Structures are given as structure tokens and as C-alpha cells.
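The values are calculated or read from the model by the stated rules, or taken from the named source; none is laboratory data. Fair warning: this is a prediction, and the values are worked out from it, not measured in the lab. When we count neighbours, we look across all protein chains shown, and the Cβ atoms used for this are built from the backbone with ideal geometry, even at glycine.
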């Protein structure tokens, strides 16, 4: 961890009651909710309740999410979740079009093995909270997913809905090809980031700590950049 930094940038979406979740989870999982059960007015103390699906908002995917027998989030070494990162500017991508390996190649010399690699499109900043965030999002091309594997990224993070196979309203895991390419090769996903424009085109130090949920395939995650 850097001893000196001048800025902390929050890359995490705020959690709100009934926040948007992927289409395939809307009918099968309870909604995200924060509720106050005791207040200072009635009890002299505030006590709240929070529920969420693991894949709502900013979160990490561990291999078990798509790989049968893969590691759970609590089995991952903590060192996996902090380290040097680089954010590639992919704002040239259009809605419903893929981020390609050719778009990532501009940063080939900057991305080192073991880095976290983030892809900035500006999509979540403009669209999160609208149905179009899911239906019209750019997505990660299979060649770009393989590029991240070949560059030995430890984590890949996105501010767009990165797997075209997840856009359907009914979940079909066989279509999650990008997830399989990445998670099957030990590259974890951080999905639904925001504020990546503040770090685009540069290197920074990232902390992305999941909750220690035993046996889980992922976790809500607070992601911050230090520089």
C-alpha cells in the first residue's frame, strides 16, 4: 500500500432500497432493501436492517459464481483485493457494441501481470438506475476477455453490464461466456463501478474488499482508488 497519497476516489455505487439489479435476478431474488426498525425517537437508538442479492450494485464475483467447484469469496487471499491497478479508457465504444481487444491494446505497455484492470466507458455514470443501463449497455467482447487473461490481470472491473449473455430476463448460465473466460482463468470480476473517469488512462492503487461471506460466490464490495 502506498505510504503517501493525495486523493481517495470512491468507485462504488451507492446502495439504495429497490436499486436496479440484473434482469435475470429480478423475479427470483428479494429486492435490495434498507429499513429502519428502531429510531432515536422511539428507542433512543437507531437499528437498521439491510438485505441484498450478492450481484446487486458494486460487487465482486469469485470463481464459484460460474465455475463448478471454483473458489468461494472467503477462500481468496486478502492480497488479491488490493494492489496496483490501471484504468483503460474505452469511451469510444457505443451502446450494444463490444469492448474489443483492439480497444485495450492501447494500454498494452501499461498493464503489468498481476494488476487489476478497469475499463471505463462512462456508462454507469450516465445510465445506472434506468432500464437502458441493462438493455443497451456495451459489453465485453470475448477477445477482450481473453486479452485480460493473457495479460494476467488478477481482477477486471467495469462500469457497464459486461456480459451480453446476462442481458436476458431469464438467467441462462450457458450464455455467460465472458464470465467463464475470466473466472475460469482466475480473473475475478468487479461489476457496476462508477467514477472511473477520474482514474481513466492512469495507474493507481486499488482497495476492493469484499465481505467475508462463508461459502459465497461473491460479495458486495467497497472499491476505492488511492493516488
* Structure fact -> Given the conditions (1) assigned to a helix (DSSP H, G or I); (2) surrounded by fewer than 21 Cβ atoms within 10 Å (Cβ to Cβ); (3) modelled with pLDDT of 95 or more, every one holds for residue 174 apart from (3)
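Would region 185-203 turn up any residue that is out of contact with any strand residue (DSSP E or B) (no Cβ under 8 Å at 6 or more places or on another chain) and either assigned to a loop (DSSP other than H, G, I, E, B) or buried (at least 24 other Cβ atoms within 10 Å of the Cβ) (or both)? Quick ask: steps written out before the conclusion?
Step one: list which residues in region 185-203 are out of contact with any strand residue (DSSP E or B) (no Cβ under 8 Å at 6 or more places or on another chain), which gives 185-186.
Checking which are either assigned to a loop (DSSP other than H, G, I, E, B) or buried (at least 24 other Cβ atoms within 10 Å of the Cβ) (or both) leaves us with 185-186.
Yes: one or more hits.
Of everything in region 32-55, what is closer than 18 Å to residue 218 by Cα and exposed (fewer than 13 other Cβ atoms within 10 Å of the Cβ)? Give them in sequence order. Write out each step before concluding.
Step one: of region 32-55, the residues closer than 18 Å to residue 218 by Cα are 32, 50-55.
Matches in region 32-55: 50 only.
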* Asked: On the given criteria, is residue 55 touching a helix residue (DSSP H, G or I) at 6+ places or on another chain (Cβ under 8 Å), under 15 Å from residue 190 (Cα atoms), touching a residue at least 24 places away in the same chain (Cβ under 8 Å) and in a loop (DSSP other than H, G, I, E, B)?
  -> yes
* Structure fact -> Restricting region 1-17 to residues that are surrounded by 15 or more Cβ atoms within 10 Å (Cβ to Cβ) and assigned to a loop (DSSP other than H, G, I, E, B), the one farthest from the chain's Cα centre (by Cα) turns out to be 15
* Is region 18-31 home to any residue that is in a strand (DSSP E or B), within 19 Å of residue 216 (Cβ to Cβ) and either within 20 Å of the chain's Cα centre (by Cα) or at pLDDT 95 or above (or both)? -> no
